[in-house]
Amino acid sequence: QVQLAESGGGLVQAGGSLRLSCAASGGTFSTYAMGWFRQAPGKEREFVASITWGGGMRYNSDSLKGRFTISRDNAKNTVSLQMNSLKPEDTAVYYCARGKTIAGATTASGYDYWGQGTQVTVSS
């Protein structure tokens, strides 16, 4: 069975940076797309970014694309999300997930394995 574990969350001031990491164990990792999602209190889980097995990247918006960078290291079975210029509205629980295919989906239904999430809190 595939297991995903996020780390790197925490409390940061607005304008600061955090780097989230997701370690995968079991199953196949490198041949599947990986994604990051986030969920704020009272809101639906939303797509943040994805990266395909070939390194193709997709972001939820241009603003996120300018501040966030997704990457993967297949040799280490990890996927990361570098978050810069953080804003209070970025506060959420961040989840990593494995895609059902090698393509990077933008909805939660396109992913079949999920981590437990890591809390990111951005203070003003």
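The values are calculated or read from the model by the stated rules, or taken from the named source; none is laboratory data. Being a predicted model, the structure only gives us computed values, none of them experimental. Cβ atoms come from the backbone with ideal geometry, glycine included; neighbour counts cover every protein chain shown. Calculation scope for accessible area: heavy atoms of the full protein, side chains included, ligands and nucleic acids excluded. Shrake-Rupley method; radii C 1.70, N 1.55, O 1.52, S 1.80 Å.
Other residues within the sphere of radius under 14 Å centred on the Cβ of residue 112, judged by their own Cβ, net out at +2 (K and R +1, D and E -1).
Placing unit charges on the Cβ atoms of the charged side chains and taking the dipole of the chain about its Cα centre, the candidate lying farthest along the positive direction among 124, 88, 7 is 7. Here the chain exposes an accessible surface that is 47 percent carbon and sulfur, computed with a 1.4 Å probe and the other protein chains kept in place. For the pair the range 6-75 / the range 80-95, the C-alpha centres are spaced 9 Å from each other.
Rolling a 1.4 Å probe across the protein heavy atoms gives the chain an accessible surface of 50 Å² per residue.
Sparse packing (at most 15 other Cβ atoms within 10 Å of the Cβ) combined with a DSSP loop state is found for the following GluC sites (Glu not before Pro) in the range 38-102: 44. Sequence-distant contacts, meaning Cα pairs under 8 Å at least 6 residues apart, place the relative contact order of the range 9-59 at 24 percent. Taking other residues whose beta carbon is less than 13 angstrom from the beta carbon of residue 33, and scoring Lys, Arg as +1 and Asp, Glu as -1, yields +3.
For the chain, the Cβ-based charge dipole about the Cα centre amounts to some 140 debye (Lys, Arg positive; Asp, Glu negative; other atoms uncharged).
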